[in-house]
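Peer 1: Would you mind keeping the following structure in view while I ask a few things?
The values are calculated or read from the model by the stated rules, or taken from the named source; none is laboratory data. A quick note: this is a predicted structure, and the numbers were derived from the prediction, not measured. Reconstructed Cβ throughout: ideal geometry from the backbone, glycine too, with neighbour counts over all protein chains shown. These accessible areas exclude ligands, DNA and RNA; they are computed on the full protein's heavy atoms, side chains included. Shrake-Rupley method; radii C 1.70, N 1.55, O 1.52, S 1.80 Å.
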Amino acid sequence: MTVSANKPIILLIGMGGTIAGLQLKGDEQGYLAGQVSIETLSAQIKSKLLIKNKQLANIDSCDMTEPLLTKLGQEVIEALQNSNIAGVLITHGTDTMEETALFLELICGHLASAQGKKVVIAGAMLPADHPKADGPENLQRAVTLIEDKTASGIFGVMGGKVFTAKSMAKRHTSRLDAFCITDPSLDSKSLGVGSHHVSEDLPIPPVDQWPRVEIITNHIGAKGDQIEAYQKLGVVGIVLAGTGGGTVHQDLATGLETFMNTGGALVRSSRVGYGSVPPKLANGRLKNALGAGDLNPAKARIALQLALFASQQAKAKTLSWQDIFARIRDLPESR
Ligand code: SIN
């Protein structure tokens with residue numbers, strides 16, 4: 001890319017995923033994610049603005065790490081603060097896209113709105129060399145969204161549709177419209193409406209300071225005897241992917257109660273996929289756990305990590321992780 005002095009820039013950050021994937025040749029089936037460079041993807045885009053490419057990673061997003069989130073967050077914040085940059089587009093694998101999207105919303109959603117800019121995360125369900133590859137259309141949709149100055153904030157584009165960062169979730173393993181939202185899809189006219197529940201973005205944990213949080217799923221015969229081992233490994237928070245409305249087997253509940261009594265942070269979510277968990281369970285189990293609202297287990301995990309880290313910072317002394325998590329949970333879909 002040649003950067004001319006006055007033209008606004010879109011920073012295009014490549015993280016990998018199927019959008020950068022290539023099909024296996026010969027007798028082998030399937031494809032490998034994260035094979036094509038961001039320069040190659042960038043060449044497919046038509047934009048009034050200049051595109052500046054940055055390859056931050058080129059991985060299958062099942063291998064995403066917290067240190068990579070830290071680096072991505074820092075890169076995006078720097079771009080939002082740069083007056084030459086009009087917006088940021090991130091290409092990312094779809095498998096963990098909703099976690100990265102929520103992370104970005106929480107660490108720079110407010111900044112993006114304050115600067116009147118968009119950060120858009122986009123991916124694809126078919127690899128780059130597939131005859132019906134959906135990546136180019138999603139990229140083009142994302143660029144058009146960034147060029148349109150009527151709204152600001154953090155968004156996702158999949159299946160040609162625009163999602164708010166908080167609402168997006170992968171709900172099908174293979175369909176092109178694998179992402180769905182709890183509310184009807186938003187068009188650019190309705191983006192950016194809603195009130196601000198938090199006036200500040202949360203701090204990004206440094207690469208080596210992410211609190212370790214694990215997800216434990218409730219299921220028939222669920223046990224809680226693994227939790228002590230988790231604590232010995234340094235786990236300070238657990239998200240329960242409960243059944244139904246966040247319910248939990250009595251044996252797992254016993255282990256989780258002990259975890260909370262020894263200082264562990266527990267959030268109750270549901271493995272169902274849609275809907276909110278009620279704040280309390282009628283049978284009284286885990287009454288001191290915090291309900292995740294409509295955050296799914298993977299998103300609740302990111303939210304809990306950020307809430308735990310923020311509550312340890314001097315600035316947030318008066319706010320507990322529960323206060324911060326509740327603010328995240330209650331954020332409107334669009335702010
Ligand atoms: C990945 O998440 O990196 C692979 C799957 C995809 O992008 O659809």
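Peer 1: When segment 304-316 is examined, which residues are found to be among the small types (Gly, Ala, Ser) and touching a residue at least 12 places away in the same chain (Cβ under 8 Å)?
Peer 2: Result: 307, 310, 311.
Let's see how each residue does on (1) of a type in the set (S, T, N, Q); (2) surrounded by fewer than 17 Cβ atoms within 10 Å (Cβ to Cβ); (3) in contact (Cβ under 8 Å) with a residue 24 or more places away in the chain:
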| site | (1), (2), (3) |
| --- | --- |
| 10 | no, no, yes |
| 39 | no, yes, no |
| 46 | no, yes, yes |
| 51 | no, no, yes |
| 70 | yes, no, yes |
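Peer 1: Also: For segment 169-189, give me the residue count where each residue is at pLDDT 50 or above, in a loop (DSSP other than H, G, I, E, B) and open to solvent by less than 40 Å² (accessible area, probe 1.4 Å).
Peer 2: 2
Peer 1: Further question on the same structure: Could we say that residue 228 is touching a Ser or Thr at 6+ places or on another chain (Cβ under 8 Å) and either of a type in the set (Asp, Glu) or within 22 Å of residue 163 (Cα to Cα) (or both) here?
Peer 2: So residue 228 passes the test.
Peer 1: Of the numbered conditions (1) open to solvent by less than 70 Å² (accessible area, probe 1.4 Å); (2) farther than 20 Å from residue 219 by Cβ, residue 288 fails exactly one; give the number of that condition.
Peer 2: (1)
Peer 1: Given the conditions (1) touching a Ser or Thr at 6+ places or on another chain (Cβ under 7 Å); (2) touching a residue at least 40 places away in the same chain (Cβ under 8 Å), and given that residue 301 satisfies all but one, which numbered condition is not satisfied?
Peer 2: (1)
Peer 1: With the structure loaded, tell me whether residue 50 is at pLDDT 95 or above, over 22 Å from the mean Cα position of the chain (by Cα) and more than 22 Å from residue 298 (Cβ to Cβ) or whether it fails that test.
Peer 2: Yes; evaluated as a whole, the condition is true for this residue.
Peer 1: Could you please give the count of residues in segment 12-23 that are outside any helix (DSSP H, G or I) and either open to solvent by less than 20 Å² (accessible area, probe 1.4 Å) or away from the ligand (no atom under 14 Å from the Cβ) (or both)? So that I can check it myself, show each step before the final result.
Peer 2: Step one: of segment 12-23, the residues outside any helix (DSSP H, G or I) are 12-17, 21-23.
Still in the running and either open to solvent by less than 20 Å² (accessible area, probe 1.4 Å) or away from the ligand (no atom under 14 Å from the Cβ) (or both): 12-17, 21.
Matching residues across segment 12-23 total 7.
Peer 1: Further question on the same structure: Can you pull out the residues in segment 325-335 that are open to solvent by 10 Å² or more (accessible area, probe 1.4 Å) and either within 12 Å of residue 265 (Cβ to Cβ) or free of Cβ contacts under 8 Å to residues at least 60 places away in the same chain (or both)?
Peer 2: Listed by number, the residues that qualify are 326, 329.
Peer 1: Can you give me the number of residues within segment 291-327 that are at pLDDT below 95 and under 21 Å from residue 216 (Cα atoms)?
Peer 2: Selection size over segment 291-327: 1.
Peer 1: Within segment 146-161, which residues are part of a strand (DSSP E or B), modelled with pLDDT of 95 or more and either over 11 Å from residue 121 (Cβ atoms) or not β-branched (Val, Ile, Thr) (or both)?
Peer 2: Selection gives 153, 155, 156, 158.
Peer 1: Does segment 24-37 hold any residues that are hydrophobic (A, V, I, L, M, F, W, C) and surrounded by 13 or more Cβ atoms within 10 Å (Cβ to Cβ), and which are they?
Peer 2: Correct list: 32, 33, 36.
Peer 1: Pairs needed: first member in segment 114-140, free of Cβ contacts under 8 Å to residues at least 40 places away in the same chain and within 23 Å of residue 87 (Cβ to Cβ); second member anywhere, more than 14 Å from the ligand (Cβ to nearest atom) and open to solvent by 40 Å² or more (accessible area, probe 1.4 Å); C-beta distance under 8 Å; at least 6 residues apart or different chains.
Peer 2: Once the first residue is free of Cβ contacts under 8 Å to residues at least 40 places away in the same chain and within 23 Å of residue 87 (Cβ to Cβ) and sits in segment 114-140, its partners that are more than 14 Å from the ligand (Cβ to nearest atom) and open to solvent by 40 Å² or more (accessible area, probe 1.4 Å) give 115/81; 116/149.
Listed here are the residues, each with its yes/no results for (1) among the β-branched types (Val, Ile, Thr); (2) touching a Ser or Thr at 6+ places or on another chain (Cβ under 8 Å).
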site	(1), (2)
210	no, yes
216	yes, no
235	yes, no
239	yes, yes
253	no, no
256	no, no
